[in-house]
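Here, each number is a calculation from the coordinates, and none is a lab measurement. The structure presented is a predicted model; accordingly, all values stated were derived computationally and were not measured. Glycine gets a Cβ as well: all are built from the backbone with ideal geometry, and neighbour counts include every protein chain shown.
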Amino acid sequence: MAKVQRSIRIPEDLDRKIELEAERRGRSGWSEQVIELLDESLRMRQCPGIIFVDGPAGRRAMLAGTGLDVWEVIAGWKDVDEDWDGLQGAFPEVPDTKLRAALHYYELFPTEIDERLARERGSTPEWVKQSLPFSHPHELRV
C-alpha cells in the first residue's frame with residue numbers, strides 16, 4: 001500500500017503517551033504506533049460496539065462488553081448458514097445491536113476475519129498436541 005507523508009503537531013503529553021505505548025508494544029517507532037491507533041480508532045467509529053483487545057494471538061476485534069471476538073460471532077453465523085434467526089439462537093445472551101456490529105465489521109473487513117477463521121480451522125487437537133506439547137498431560141515414566 002502506498003504511503004503518504006504528513007506533518008502533524010501534537011501536544012507534548014500526547015506525544016509521550018504514544019511513545020510509551022509504542023515502547024510497551026515493542027513497536028519500531030512512533031509512526032508505526034500512530035498508524036495502528038488511527039486505524040483502530042477509525043474502525044471503531046465505522047463499527048460502533050467494536051473494540052480492540054490484546055491476546056495471545058495478537059490484537060483482535062471484539063464485541064464490547066461480551067467477551068466475544070468478532071471472528072467467533074462470524075464463525076457462528078457461518079455455522080447456521082448465515083441465517084439471522086440462527087445467529088440469534090446461537091448467541092441468545094448477545095443483543096441484536098452487537099451481533100449486527102459484528103456482521104458490519106465483517107462486511108467491511110472480511111479478509112481479516114477470514115484469515116482468523118482459517119487459522120482457527122487449522123487448530124485441530126492434533127495440531128495443538130504437536131505444536132504446544134506442554135498443553136496436555138504426559139504419562140510419567142518412572
Item to complete: Can you tell me the alpha carbon radius of gyration of the chain divided by the globular rule-of-thumb value 2.2 N^0.38 Å?
Response: 1.34
Practice prompt. Taking the Cβ of each residue in GLU72, GLU120, GLU93 as the centre, tally the other Cβ atoms inside 10 Å and list the residues starting with the fewest.
Written response: GLU93, GLU120, GLU72
Practice prompt. Provide SER7, SER31 in ascending order of the number of other Cβ atoms located within 10 Å of each residue's Cβ, fewest first.
Written response: SER7, SER31
Fill in: Helix-derived mean residue ellipticity, 222 nm - over the chain, DSSP H n ≥ 4, -39500 (n - 2.57), to 500
-17000 deg cm²/dmol
Worksheet item: Can you give me the relative contact order of the chain as a percent, contacts being Cα pairs under 8 Å and 6 or more apart?
Response: 14 percent
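In what sequence do LEU37, LEU14 fall when counting other Cβ within 10 Å, fewest first?
Placing the least packed residue first, the sequence is LEU14, LEU37.
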Discussion item. Report the Cα centroid-to-centroid distance between the range 36-76 and the range 90-108 in angstrom, as an integer.
Written reply: 12 Å
Practice prompt. Find how much the distance from GLU115 to GLN5 grows on full extension, using 0.36 nm per residue of separation minus their present alpha carbon separation; answer in nm with one decimal.
Written response: 36.6 nm
Worksheet item: Measuring from label point to label point, each 7 Å out along Cα→Cβ, what is the GLU82 to TRP30 span in nm?
Response: 4.5 nm
Worksheet, complete the sentence: Sparse-neighbourhood loop hits (trypsin sites (Lys or Arg not before Pro), the range 1-34; DSSP loop; Cβ within 10 Å at most 15 others) -> LYS3, ARG6, ARG9
